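A short write-up of the structure that comes next.
The values are calculated or read from the model by the stated rules, or taken from the named source; none is laboratory data. All figures in this text were calculated on a predicted structure; none of them were measured in a lab. Please note: Cβ atoms are built from the backbone with ideal geometry, for glycine as well, and neighbour counts cover all protein chains shown.
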């Protein structure tokens, strides 16, 4: 069995980032550190758990981005991936739309013979939740999102997935494989990378594929501009007894012609 885990690098933002001169993305200076996307760690752990359950499983990790993405892929190797694939972009395009990322990964995955593709439910930076479903659509395979529990059904070629819906409601679906799951945080508890895996990850070769050799057509969307929202006036804290607070609130609402 072959599993592909999609991982993404995200910026570790402590302070407000600088904006590039062309206003297309954040400034990639020395003050910005990058790491693996939080939700993708759960996808990687789920792949490792499946390997522990079935035994004969190969886990590949794939990521799209510039040269610095290698750090994220080495983290994926340390967490348990057997191989890592870097779909390399120039890094000059700034924000890469989810449609472009999905096309690149789908084109690569279509030649890999994967039985299962796993991805985090979303990325911490864009939070669009669409890359996984778009990969599935391009590959014409079934997809389940916000998965909080999964169970392979050996011999049937299918997988059961429990999906989290709104309001605490859950649904269980059965998907024929190959399939794609986007996993929610809480599906498992990602383990610490073992020393042997960390040592292996430092020196293991990473397969590199130039993005322009894959099927990335026009993404269909572009960034108009990136900016920091302007500060607006803050809220008002009303002090006093409950009666005084109520009276002050009514006066404010009258002043603003709300009442």
Residues of segment 153-178 being in a loop (DSSP other than H, G, I, E, B) and loosely packed, with under 14 Cβ neighbours inside 10 Å, in sequence order, are 154, 155, 156, 157, 165, 169
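With respect to residue 95, is the statement that it is farther than 22 Å from residue 158 by Cβ and in a helix (DSSP H, G or I) true?
Here the answer is no, as residue 95 does not meet what is asked.
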Expected single match for over 19 Å from residue 211 (Cβ atoms), modelled with pLDDT under 95 and touching a helix residue (DSSP H, G or I) at 6+ places or on another chain (Cβ under 9 Å) among 35, 20 is 35
query = Just wondering, is there one or more residues in segment 101-108 that are under 17 Å from residue 181 (Cα atoms), modelled with pLDDT under 95 and touching a strand residue (DSSP E or B) at 6+ places or on another chain (Cβ under 6 Å)?
reply = yes
Looking across segment 179-196 at residues that are assigned to a loop (DSSP other than H, G, I, E, B) and touching a strand residue (DSSP E or B) at 6+ places or on another chain (Cβ under 9 Å), the single one that is surrounded by the fewest Cβ atoms within 10 Å (Cβ to Cβ) is 186
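Quick test for you: out of 88, 75, pick the one residue that is in contact with a helix residue (DSSP H, G or I) (Cβ under 9 Å, 6 or more places away or on another chain), within 25 Å of residue 220 (Cα to Cα) and in contact (Cβ under 8 Å) with a residue 12 or more places away in the chain.
Values: 75 fails: within 25 Å of residue 220 (Cα to Cα).
Step by step, each of 88, 75 is checked, and only 88 is in contact with a helix residue (DSSP H, G or I) (Cβ under 9 Å, 6 or more places away or on another chain), within 25 Å of residue 220 (Cα to Cα) and in contact (Cβ under 8 Å) with a residue 12 or more places away in the chain.
Quick grid of which residues meet (1) modelled with pLDDT under 95; (2) in contact with a helix residue (DSSP H, G or I) (Cβ under 7 Å, 6 or more places away or on another chain); (3) under 20 Å from residue 187 (Cβ atoms); (4) not in a loop (DSSP other than H, G, I, E, B):
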site	(1), (2), (3), (4)
4	no, yes, yes, yes
11	yes, no, no, yes
24	yes, no, no, no
46	no, no, yes, yes
56	yes, no, no, no
67	yes, no, no, no
